[in-house]
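Visitor: Mind having a look at this structure? Questions to follow.
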Amino acid sequence: MLSVVAVRPLDIVVIALYLAGMAAIAVYFGRRNTSTEEYFVGNRSFSGPTLGLSLMATSVSSVAFLAFPAAAYADDFRDLVINLTLPIGVLLAVVVFIPLFRRGKTTSAYEYLGARYGVIIRLYGTFSFMIMRLCWLGIVLCLISNLIVVLTGWPMVPVIIATGLFVALYTVIGGIDAVIWTDVIQSIVLLLGGIVTVVYLTAQIPGGLAQVFEVGLAEGKFGLGEMEWSFTNRSFWAALTLGIFAWAAYHADQNIVQRYLAARSTREARKATIIYGAIVLPTWAYFFFVGTCLFVYFQVFPDTVVSRLSDEQHFEQVYPHFILTRLPPGIAGLVVAGVISAAMSSVDSTLNAVSTVTVIDVVKPHLAPGRSDRFYLNTARTVAVAAAVIMITVAVVLSQIPTKTINELDWAIGSIFAGCLMGLFVLGFFTTRVDNVAALVGLTVAVLLNLYLVLGVIGWLPRAITCPVHKFWIGPIVNVTFLVVAYGTSWRRHRKKEPLTGLTVWTAGE
């Protein structure tokens, strides 16, 4: 564990100015939120470039800013492989997802599931998203609070509460307008933070960029992992396969779909997705390169504190240590603001998305139908506050758990609750045969299989009945199982032909 290094006054000023700017944006846009249409989708008025930067900020998160440099410092670029398939998800979104999600004036991704399969599947998608994202919010808040504790030495629980309340404040007040515009600023800040780091590092290393590449190549720091095909090991092909399924699912996630729906036109939504896709993959690679630069830097300038770190989990502390002990005052504050902004841009988007789906998919159609728009707007704000309380509570509980265990928990929750969502959307978009009954049969089989595989991977099953499969293969296996069972079921039952106008690629023009 790194010793705490006092944050310098100028750094505190820079961070405080950044946070004050975020709060001011929330207050400004809060005055405009007089309807759910404004609060959820900004009156569908955003341009492509604005949404593109917002999507980029939401997708980068604090994982890229901290975990990616740590992964490259400890090993190589192998953790980037999953993200190399992002263009496939972008292509699917531009060609298929965006036009189908933007039919009519929908607000939630799960309205599509309701129109395509019925209320049970819609609620499955809604509650899966809500449970997964509420747990994820607590995990992200815990990790970013841990960083702040390392940087300042402040107590963990007060940091969690203060950070959670601040993000909740501007999200609840400002709605999607505040989320998107703060994301734009946050994307610029986090990019500047990464650029400043690499410029400073290469200026300090005697051989500059050339030495970084020379040492990095000699030490195997640019590798992409083992190339053999295996279901039991984490290989290049396992990561690549997982990435295809993961990024297809990600582009049907409410966090992203809400940006499609906030665009002023389908053309602008497509433009936003292309811009984000063009920016975010190089950004991820850039932060891996930050880790390589840090590795070379500390080879040239050994540090007794860094040398005591022994694994990737602790290597996440190398970048914060470098920021506060090597970067000049003020510049360090900018980079720390970048780290904070990376986390905030993911948390604020998710809080707003949870609020949106709760009102649109649960409250409005089931719990309180036929009420005024003002009622639903107030309910949305109440839900956002409740989600923030849950987020803070989960983060406080997780703060007592080792970081490695938190990461495993994050993966397990995501796998269980998001395992079949991609398959549901894919069959909905690309088939006309699969109805609600076939989807429910496939869902039941796939969810049970998913639970069995996850319990085996985390070691909660006896070895004799555990399937020896690496966790990277679980998502692909579960989704393929769902697709096969649901589609196969649709061929074995007589069903009444249902109108699917505008709901599939085959009926989009009807």
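Visitor: I'd like the full set of residues that are touching a residue at least 12 places away in the same chain (Cβ under 8 Å), small (Gly, Ala, Ser) and within 23 Å of Phe298 (Cα to Cα), limited to the range 213-228.
Guide: Gly216, Gly220, Gly223
Visitor: Gly475: assigned to a helix (DSSP H, G or I), within 21 Å of Tyr250 (Cα to Cα) and modelled with pLDDT of 80 or more, yes or no?
Guide: When the stated conditions are applied, Gly475 passes them.
One line per residue, one yes/no per condition, for (1) under 23 Å from Thr358 (Cα atoms); (2) β-branched (Val, Ile, Thr); (3) touching a residue at least 60 places away in the same chain (Cβ under 8 Å); (4) assigned to a helix (DSSP H, G or I):
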residue: Ala178; (1), (2), (3), (4): yes, no, yes, yes
residue: Val184; (1), (2), (3), (4): no, yes, yes, yes
residue: Gly194; (1), (2), (3), (4): no, no, yes, yes
residue: Val199; (1), (2), (3), (4): no, yes, no, yes
residue: Ser230; (1), (2), (3), (4): no, no, yes, no
residue: Leu240; (1), (2), (3), (4): no, no, yes, yes
residue: Leu261; (1), (2), (3), (4): yes, no, yes, yes
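Visitor: Just give me the residues in the range 156-174 being modelled with pLDDT of 80 or more and farther than 14 Å from Ala387 by Cβ, in sequence order.
Guide: If the condition is that a residue be modelled with pLDDT of 80 or more and farther than 14 Å from Ala387 by Cβ, then Met156, Val157, Pro158, Val159, Ile160, Ile161, Ala162, Thr163, Phe166 are the ones that fit.
Visitor: Then there is this: Please specify each residue of the range 143-188 satisfying the condition of being surrounded by fewer than 22 Cβ atoms within 10 Å (Cβ to Cβ) and farther than 28 Å from Ile401 by Cβ.
Guide: Answer for the range 143-188, where residues must be surrounded by fewer than 22 Cβ atoms within 10 Å (Cβ to Cβ) and farther than 28 Å from Ile401 by Cβ: Ile173, Trp181, Val184, Ile185, Ile188.
Visitor: When you scan the range 343-362, do you find a residue that is in the same structural domain as Asp183 (by TED's automatic domain parsing) and under 14 Å from Ala67 (Cα atoms), even just one?
Guide: yes
Visitor: Could you pull out the residue among Pro206, Pro158 that is outside any helix (DSSP H, G or I) and over 26 Å from Arg264 (Cβ atoms)?
Guide: Every option except Pro206 fails the conditions.
Visitor: Can you tell me which residue within the range 267-306, out of those that are of a type in the set (D, E, K, R) and modelled with pLDDT of 90 or more, is surrounded by the fewest Cβ atoms within 10 Å (Cβ to Cβ)?
Guide: Across the range 267-306, the extreme among qualifying residues is Arg267.
Results for (1) within 30 Å of Ser108 (Cα to Cα); (2) without any contact (Cβ under 8 Å) to a residue 40 or more places away in the chain, shown as yes or no for each residue.
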| position | (1), (2) |
| --- | --- |
| Phe301 | no, no |
| Glu316 | no, no |
| Leu327 | no, no |
| Gly333 | no, no |
| Ala353 | yes, no |
| Pro369 | yes, yes |
| Val385 | yes, no |
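Visitor: Taking the range 76-102 on its own, how many of its residues are charged (D, E, K, R), more than 17 Å from Asp253 (Cβ to Cβ) and surrounded by fewer than 22 Cβ atoms within 10 Å (Cβ to Cβ)?
Guide: 2
Visitor: Moving on. If a residue has to be aliphatic (A, V, I, L, M) and either closer than 21 Å to Tyr170 by Cβ or outside the structural domain of Thr107 (by TED's automatic domain parsing) (or both) to count, how many in the range 363-381 make the cut?
Guide: Final tally of qualifying residues: 2.
The values are calculated or read from the model by the stated rules, or taken from the named source; none is laboratory data. The structure displayed is predicted, hence computed values, not measured ones. Ideal geometry is used to build each Cβ from the backbone, glycine not excepted, and the neighbour counts take in all protein chains shown.
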